Amino acid sequence: MARNLINKYIWIIDTIQRYGRITREELNNLWVKSSVSDGEPLARRTFYNYRQGIADTFNVEVECDPSTFEYYIDTSGNEQDDRLRNWLLDAASMSGMLSDSRDVSDRIVLEDVPSARGNLPVVIQAIKESNRINFSYRAYNRVNTKRNITIEPYFVRIFKQLWYVIGYNTRDGMIKTYSLDRMSDVVIRKEHFSMPKGFSAADYFKDCFGIMQSKGEPKEVVLKVTSNQAKYFRALPLHRSQNEEIHDSYSLFHYRLLITYDFIQEILSHGSQVEVVAPPELKAMVVNELRTALAQYN
């Protein structure tokens, strides 16, 4: 029942977004023909309740223009709100679609990734209440588990299908990043904290490619990318600062970001399709990684 209701919410949002503006009569005609309606019309009271449910569930406001009686989606929110809303809609839509496709499950191949399902609700709750959390942590590059870590959770971030919590480590006196799938025994402590004045989660990683930080200054980075690979860079930019300079057989992609290990690994993952043009220190780091890798085969 709950899944069917979510599917109805998503159908209404998608339909209104697709048309831009639509009257209730036009929406009802499309509704009756859809798979979510079971052939039943969308009653006025039901539509009102769905609008409330959509606002509560997805933070999406379905507004009505009194001069035309047309409904539209209010997009006046900030960029971060829009990004979260779109992510929730995509996730819910995908979940509903996959749930209804169990009869062809042997023909749907999914990626096996570590789960943060158990720890994420606890961390989110601590963020809401501004309370510290305590946990044990086994880093990917460590053999032993480190226990009794206490942080003030500032925000969470997802990167390459892994969830991370970023917060102030009270013992080390610095902001650190932890992967939720490596955490265990997570508990909320009844110790309140306050966010630092002027701290912005969006700004914290604004000069980063991924989840790693650097004490250095952002650099002007230029990558030479083959024409074929450039299509993928356009579809999925490496960073928000990406700008493209198109040439006959290649493109130059310009960025302003911090040089971090995960960014170097990303460059290496594209093999001969990508060449570092600038800055010189990044080029030297990539060349060194390539030489070290090649030496293992000699």
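The values are calculated or read from the model by the stated rules, or taken from the named source; none is laboratory data. Computed from a prediction, not measured in an experiment: that's the story for all the values here. Every residue, glycine as well, gets a Cβ built from its backbone with ideal geometry; the counts of neighbours run over all protein chains shown.
The rows are residues; the columns are (1) among the hydrophobic types (A, V, I, L, M, F, W, C); (2) more than 29 Å from residue 241 (Cβ to Cβ).
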residue: 108; (1), (2): yes, yes
residue: 143; (1), (2): yes, yes
residue: 154; (1), (2): no, no
residue: 164; (1), (2): no, no
residue: 173; (1), (2): no, yes
residue: 180; (1), (2): yes, no
residue: 183; (1), (2): yes, yes
residue: 188; (1), (2): yes, yes
residue: 194; (1), (2): no, yes
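Can we say residue 116 is small (Gly, Ala, Ser), under 18 Å from the mean Cα position of the chain (by Cα) and not in a strand (DSSP E or B)? Criteria met by residue 116.
For the range 72-92, indicate whether the set of residues that are at pLDDT 85 or above and at positive phi is non-empty. No: the range 72-92 contains no residue that is at pLDDT 85 or above and at positive phi.
The number of residues in the range 131-164 that are surrounded by 13 or more Cβ atoms within 10 Å (Cβ to Cβ), in a loop (DSSP other than H, G, I, E, B) and within 22 Å of the chain's Cα centre (by Cα) comes to 0.
Restricting to the range 27-84, name every residue that is acidic (Asp, Glu) and closer than 15 Å to residue 14 by Cα.
Going through the range 27-84, the residues acidic (Asp, Glu) turn out to be 38, 40, 56, 61, 63, 65, 70, 74, 79, 81-82.
Matches in the range 27-84: 61, 63, 74, 82.
Look at (1) in contact with a helix residue (DSSP H, G or I) (Cβ under 8 Å, 6 or more places away or on another chain); (2) surrounded by 18 or more Cβ atoms within 10 Å (Cβ to Cβ); (3) in the same structural domain as residue 144 (by TED's automatic domain parsing) and you find that residue 187 fails only one, number (2). As an exercise: evaluate residue 17 against (1) loosely packed, with under 11 Cβ neighbours inside 10 Å; (2) at negative phi and give the number of the one condition it does not meet. With respect to (1) loosely packed, with under 11 Cβ neighbours inside 10 Å; (2) at negative phi, residue 17 is out only on (1).
Would you check if residue 224 is in the same structural domain as residue 161 (by TED's automatic domain parsing), more than 19 Å from residue 158 (Cα to Cα), free of Cβ contacts under 8 Å to residues at least 60 places away in the same chain and not in a helix (DSSP H, G or I)? Step through it out loud before you land on a result.
Details: in the same structural domain as residue 161 (by TED's automatic domain parsing): no; more than 19 Å from residue 158 (Cα to Cα): yes; free of Cβ contacts under 8 Å to residues at least 60 places away in the same chain: yes; not in a helix (DSSP H, G or I): yes.
In short, no.
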